[in-house]
1. Kindly state which strands (runs of 3 or more DSSP E) lie completely within the stretch 458-540 and contain at least 3 residues that are more than 21 Å from residue 391 (Cβ to Cβ).
2. Looking for whichever is at pLDDT below 95 and either among the aromatic types (Phe, Trp, Tyr) or surrounded by fewer than 23 Cβ atoms within 10 Å (Cβ to Cβ) (or both) here; the options are 310, 362, 297. Which one fits?
3. Applying the selection to the stretch 431-447, what residues are of a type outside the set (Lys, Arg) and surrounded by fewer than 17 Cβ atoms within 10 Å (Cβ to Cβ)?
4. What number of residues within the stretch 285-325 satisfy the criterion of being more than 22 Å from residue 233 (Cα to Cα), in contact with a strand residue (DSSP E or B) (Cβ under 7 Å, 6 or more places away or on another chain) and β-branched (Val, Ile, Thr)?
5. Note down all Cβ pairs under 8 Å where the first residue falls in the stretch 451-465 and is under 26 Å from residue 510 (Cβ atoms), the second is in a helix (DSSP H, G or I), and they're at least six residues apart or on different chains.
6. Taking the stretch 541-576, which residues are farther than 30 Å from residue 96 by Cα and either in contact with a Ser or Thr (Cβ under 9 Å, 6 or more places away or on another chain) or assigned to a loop (DSSP other than H, G, I, E, B) (or both)?
7. So is residue 575 under 28 Å from residue 242 (Cβ atoms), at pLDDT 95 or above and in contact with a strand residue (DSSP E or B) (Cβ under 6 Å, 6 or more places away or on another chain) or not?
Amino acid sequence: MRQFNDDGGQYEIRGMSGANVQHSTDEPHMATLPMPIKIEAIPSLYLFTIISRWISFNCPFLSKISIMFPSTFLVLSSIALGISTTAVDLHHQSPSNPFTLGFFGTPEIRGSINLKVKGKIPRWVSGSLYRGAAATWDSGNYTSEHWFDGFSRNHRFEVSDGKVSYHSRNASDELQDFVRETGLYPGGSFGGDPCKAIFGAFQTTYRDGINPVGNVSTDTVTVSFITNFPGLDRNVSGTEHGPFVTLVKTTDGNALQQLDPVFLEPIELFTYQTTNVNITDGKTCAHPAHGKSGEIYNYMLNTEATPPEYNIFEVNSSGKGSILATITDAPAAYIHSMFSTENYVILIVWQSDFGKKTSKPYYNVLDNLKEWDPERKTLFYVVDKVKGGVVAKYTSETFFAFHEINSFEDSDGSIVIDLPAMKTNAFLEAARIKNLRTYVGHHNATAPHDLAGTFRRFRLQDYAHGIQANGTLTTRPIVVDFELDFKSGNIELPRLNQAYHGKPYRYAYGIHIEERGFFTDSLIKVDTHTRRTNIWKPRTPHLPSEPVFVANPQGTCEDDGVLLTMALDANRKQSVLVVIDAKNMKEIARAEMPLVAGFGFHGVWGNN
C-alpha cells in the first residue's frame, strides 16, 4: 500500500466523508483522500495519482470523460480536489503541536481495514468496541464553538483471534451539508455563537409518538450509547449481525439516534416520547441509568414550567415509559448523568444553573448558565425504582460533575455514591474548541481545560427513613466518606467492570492527568478499599480516551480483564487502540490506526 507523507511518500485511505461508498462483504473499494498536510508538499505526480483515483471511484462519469478527453484532466482534477477537501472539512493543522490533532477534522473510513497489531491480544477478547466522537468541528466556513458541538461520527473496532479491523461512519451528514452551504447552525447548541444560529430554515423531524418516522442525520448525536434499547426492532443490515440487537446514540438533549450496529449507518432520529407521549419534552441527560432487565431511567427537565420540573421516568423492558417522580424544588441545571443502585435512581442537581439573562438565552446552553455561587448547595434526590416517588433528599457543599463512577446500597443502610467532583464548572467554558486547539499540550499548572475531577465518595446515610411519619420529606446533610488527593487520584470518563455496576465494588478506571495542561495523558486504576492508585503512563506522549473494561469470561476476580482505550500517539501523529492489563495496568498490545481519530467521549463493548 503506497502512502503519501510530508516527505513525498504516499498515503492511501479507504472511504471518505461524503463519498457514496456502498456496504459490501467483499474487499472494500479504495478511495484516495488528501490528508491534512500541505498540498504543495506533495509531488505533482503523486497529486495527479490522488485526484485521478478519487475521480475514478467517486465520479465514474468524470473518469470516463478524462480518458476520452485527456486535455480536460487538469480541470477535472481541480474540481475533484475542491470537492474532496470540502467533503471532509479538514483543516491544515500545524505539526508543531500534535496534541491538538484530535480536535480537527479527520477522514471517514466506511470500508473495514485491518490494523497492524503490536503485542499479543488475549484470544478471549473477541467482540466489538464502539466509540463515539466528532468527525469535525468545521464545515465550510463554519466552526463549532465548543468541544461538545462537533459533527458526529461513530467508530467500530472488531477484535477476533488477536486481530483488529476498523471502520467509521459519519452520522450527521445532512446537518453538516446544510451548515457547509449556509455557514449557519440550524438551532440551539451547547456553546455556539448565537449570531451564527438560525431557526426555522432547517427542520428536523423525530419519531416521537406523534410523528411516525424520523429523519436520519439532520441532528448531531455525539455522546454515549444505549445497547438493546427496549422496544426497538432489530436493525442490522443484510445477513451479518453485530453484538447487539439495537444500538442507539445519546446526547444531552431529547434526541436519540438509532444506528446499524454492523455498518454504523444512521437509521432514524427519535425521542423519549416514543415510549410515552405524556412525558413532557425538555432537557435530559446523555447518561441514563439502567435496570437489571434493560430498563432505562432518566429525567426530563421542563424549564417552561414555574417552578421548573424534573420528571424522573422509566422506560421498562417492553419499551413503555412512565413517570416515577416529579421534583419542583430544585433549580434548573445542566446535568449530564443519572445515578443508580439496584433499587434506586438518584438525581444529583450540582451547580450548572440555567437562567442567566442574555439577549438570546435559549440559543445555547453555555451562555445561559448563571455565575458560580459558592453558597449554592448541591441537592441529591433518591427515587424508588419500583414504587416511584422521592424517598430521601440530601444536600452537600457545592460542586460540579459530569459522570457517575458507581453507586450502591451498603450493608449499613447507606447509599454510597462515587463520582469525579470538580470545584467549579469552569471546564465548560475552557472546553471551547478554540481553547483546546490553542492550549492542549502546553504545560500549565492551573489549566482549566484539563478533563479531570477529584475522586470523591459520598455516603447517604439512613436513606430508608427520609420521609417522616406525617409524610414530610426531610432534607439532610450528606457525609463525604473520603476524597483522594487530586494530584495522585484525579479521574474522569470513569469505567468499571460492568458486572459490579450498582453493587459494592473495588476497582474504578478512568483517564488521568499527570502533567497539567495536557488535557489527559494517562489512565488510572483506583482501589476503593486501599485508596491506592496505579497509573498507565506510556513512554511517549499520548492522549488516551475513556478506558472500556472487557472482562475475562473465565475470570474469577473483579479486575480480571483488559482496558481498551483509543489514544492519540503524539509522536506518530496517529491514533492507536491500546490494550492494557486491568490488573497491573501494563500495556500488552496496540493496534495502529492510519489516521487521527477525533477526540470524543464514550464507548461500549459487545462480546461476539
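1. Per the criteria, 479-483, 490-495, 507-512, 522-527, 532-536.
2. 362
3. Residues satisfying the conditions are 438, 442, 443, 444, 445, 446.
4. The qualifying residues number 3.
5. Pairs that qualify, where the first residue is under 26 Å from residue 510 (Cβ atoms) and the partner is in a helix (DSSP H, G or I), are 451/427; 452/486; 454/486; 454/489; 455/489.
6. Correct list: 548, 552, 553, 554, 555, 556, 557, 558, 559, 560.
7. It is true that residue 575 is under 28 Å from residue 242 (Cβ atoms), at pLDDT 95 or above and in contact with a strand residue (DSSP E or B) (Cβ under 6 Å, 6 or more places away or on another chain).
Quick grid of which residues meet (1) closer than 25 Å to residue 291 by Cα; (2) outside the structural domain of residue 146 (by TED's automatic domain parsing); (3) in contact with a helix residue (DSSP H, G or I) (Cβ under 9 Å, 6 or more places away or on another chain):
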position	(1), (2), (3)
399	no, no, no
407	yes, no, no
410	yes, no, no
433	no, no, yes
441	no, no, yes
449	no, no, yes
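The values are calculated or read from the model by the stated rules, or taken from the named source; none is laboratory data. As the structure is a computational prediction, the values presented were derived from the model and not from experiment. Backbone-built Cβ (ideal geometry, glycine too); neighbour counts: all protein chains shown.
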